[in-house]
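Undergrad: Here it is: the structure, laid out below.
The values are calculated or read from the model by the stated rules, or taken from the named source; none is laboratory data. Bear in mind that the values here come from a model prediction, so they are computed numbers and not experimental data. Cβ: placed from backbone, ideal geometry, glycine included. Neighbour counts: every protein chain shown. Just so you know, the surface numbers come from the protein's heavy atoms only, side chains and all, with ligands and any DNA or RNA stripped out. Shrake-Rupley method; radii C 1.70, N 1.55, O 1.52, S 1.80 Å.
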Amino acid sequence: MSELRELYQQVILDHNKKPRHFGKLEGANRRQEGYNPLCGDHLHVYLQMAGDHIEDIRFEGSGCAISKASASLMTTLVKGKSKAEALELFDHFHDLVTAPADTPVDEARLGKLVVFSGVREFPMRVKCATLAWHTMKAALAGQDQPISTE
Ligand code: ZN
């Protein structure tokens, strides 16, 4: 288990160091701002929607390693997906990080998201991990107000 945990840690550190789809998205038709006052994570998520399809997604902002890695991994997973598929991923991720720490992890269902399974042992970090996801969800809903995890 500790080897696995180390591997997960490396994936998170890699996404933090080299975030994917980082920066403004020219041609975005949805944008949303998210803020996690507990930690100071602050980011913007940009979506380019074609109907119900996420053609492109980018994010920018600053925050802790968990929030940035989570945003980065999220962009790689939802790009090219439909709105319904993205919302389903949101639910899977949310269930994963908010479950009690001893809940078995369904790797087949979670895919790459499994690297964040360690977060649920650190309740303070759950909001860091979910910030980008809540922001993406609000952007999909076309919500105008910036979202805050408080
Ligand atoms: Zn954070």
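Undergrad: Kindly establish whether ASP41 is of a type outside the set (A, V, I, L, M, F, W, C) and either within 17 Å of VAL126 (Cβ to Cβ) or within 16 Å of the ligand (Cβ to nearest atom) (or both).
TA: Numbers: of a type outside the set (A, V, I, L, M, F, W, C): yes; either within 17 Å of VAL126 (Cβ to Cβ) or within 16 Å of the ligand (Cβ to nearest atom) (or both): yes.
Yes, satisfied.
Undergrad: Go through the range 97-133 and give me each residue that's closer than 13 Å to LEU73 by Cβ, touching an Asp or Glu at 6+ places or on another chain (Cβ under 9 Å) and exposed (fewer than 14 other Cβ atoms within 10 Å of the Cβ).
TA: Those that are closer than 13 Å to LEU73 by Cβ, touching an Asp or Glu at 6+ places or on another chain (Cβ under 9 Å) and exposed (fewer than 14 other Cβ atoms within 10 Å of the Cβ): none in the range 97-133.
Here's the yes/no breakdown for (1) among the β-branched types (Val, Ile, Thr); (2) in contact with a helix residue (DSSP H, G or I) (Cβ under 8 Å, 6 or more places away or on another chain); (3) open to solvent by 50 Å² or more (accessible area, probe 1.4 Å):
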{"position": "ALA28", "(1), (2), (3)": "no, no, no"}
{"position": "GLN32", "(1), (2), (3)": "no, yes, no"}
{"position": "CYS39", "(1), (2), (3)": "no, yes, yes"}
{"position": "ASP52", "(1), (2), (3)": "no, yes, yes"}
{"position": "ASP56", "(1), (2), (3)": "no, no, no"}
{"position": "GLU60", "(1), (2), (3)": "no, no, no"}
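Undergrad: For residues in the range 15-51 being modelled with pLDDT of 95 or more and of a type in the set (Asp, Glu), which is nearest to GLN143 (Cα to Cα)?
TA: That would be GLU33.
Undergrad: Condition first: open to solvent by less than 40 Å² (accessible area, probe 1.4 Å) and either near the ligand (Cβ under 9 Å from one of its atoms) or part of a helix (DSSP H, G or I) (or both). Now tell me which residues in the range 72-83 satisfy that.
TA: Answer for the range 72-83, where residues must be open to solvent by less than 40 Å² (accessible area, probe 1.4 Å) and either near the ligand (Cβ under 9 Å from one of its atoms) or part of a helix (DSSP H, G or I) (or both): SER72, LEU73, MET74, THR75, LEU77, VAL78.
Undergrad: Let me ask you something else. Charged (D, E, K, R) and within 16 Å of the ligand (Cβ to nearest atom) - does that describe any residue in the range 90-112? I'd like the intermediate steps shown before the answer.
TA: At the first step, the residues of the range 90-112 found to be charged (D, E, K, R) are 91, 95, 102, 106-107, 109, 112.
Cutting the leftovers down to within 16 Å of the ligand (Cβ to nearest atom) gives us none.
No, the range 90-112 contains no residue that is charged (D, E, K, R) and within 16 Å of the ligand (Cβ to nearest atom).
Undergrad: Residue check, ASP102 against (1) at pLDDT below 95; (2) assigned to a helix (DSSP H, G or I), all met but one. Which one?
TA: (2)
Undergrad: So for the range 120-129 (the condition being farther than 26 Å from GLN145 by Cβ, within 16 Å of the ligand (Cβ to nearest atom) and outside any loop (DSSP other than H, G, I, E, B)), does at least one residue qualify? Walk me through how you get there before you give the answer.
TA: Just the residues of the range 120-129 that are farther than 26 Å from GLN145 by Cβ, to begin with: 120-122.
The next check asks that each one be within 16 Å of the ligand (Cβ to nearest atom); those that pass are 120-122.
With outside any loop (DSSP other than H, G, I, E, B) added as a condition, the list becomes 120-121.
There is at least one residue in the range 120-129 that is farther than 26 Å from GLN145 by Cβ, within 16 Å of the ligand (Cβ to nearest atom) and outside any loop (DSSP other than H, G, I, E, B).
Undergrad: Follow-up. Which numbered condition in (1) in contact (Cβ under 8 Å) with a residue 12 or more places away in the chain; (2) more than 16 Å from the ligand (Cβ to nearest atom); (3) assigned to a loop (DSSP other than H, G, I, E, B) is the only one that GLU26 fails?
TA: Of everything listed in (1) in contact (Cβ under 8 Å) with a residue 12 or more places away in the chain; (2) more than 16 Å from the ligand (Cβ to nearest atom); (3) assigned to a loop (DSSP other than H, G, I, E, B), GLU26 misses just condition (1).
Undergrad: So if I check each of ALA86, ALA139, ALA69, which one is within 12 Å of the chain's Cα centre (by Cα), surrounded by 15 or more Cβ atoms within 10 Å (Cβ to Cβ), away from the ligand (no atom under 16 Å from the Cβ) and not in a loop (DSSP other than H, G, I, E, B)?
TA: Unique residue meeting the criteria: ALA86.
Each row is one residue, and each column tells you yes or no for (1) touching a Pro at 6+ places or on another chain (Cβ under 7 Å); (2) free of Cβ contacts under 8 Å to residues at least 12 places away in the same chain.
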{"position": "GLU6", "(1), (2)": "no, yes"}
{"position": "ARG30", "(1), (2)": "no, no"}
{"position": "GLU33", "(1), (2)": "yes, no"}
{"position": "MET49", "(1), (2)": "no, no"}
{"position": "ILE54", "(1), (2)": "no, no"}
{"position": "ARG58", "(1), (2)": "no, no"}
{"position": "ALA101", "(1), (2)": "no, no"}
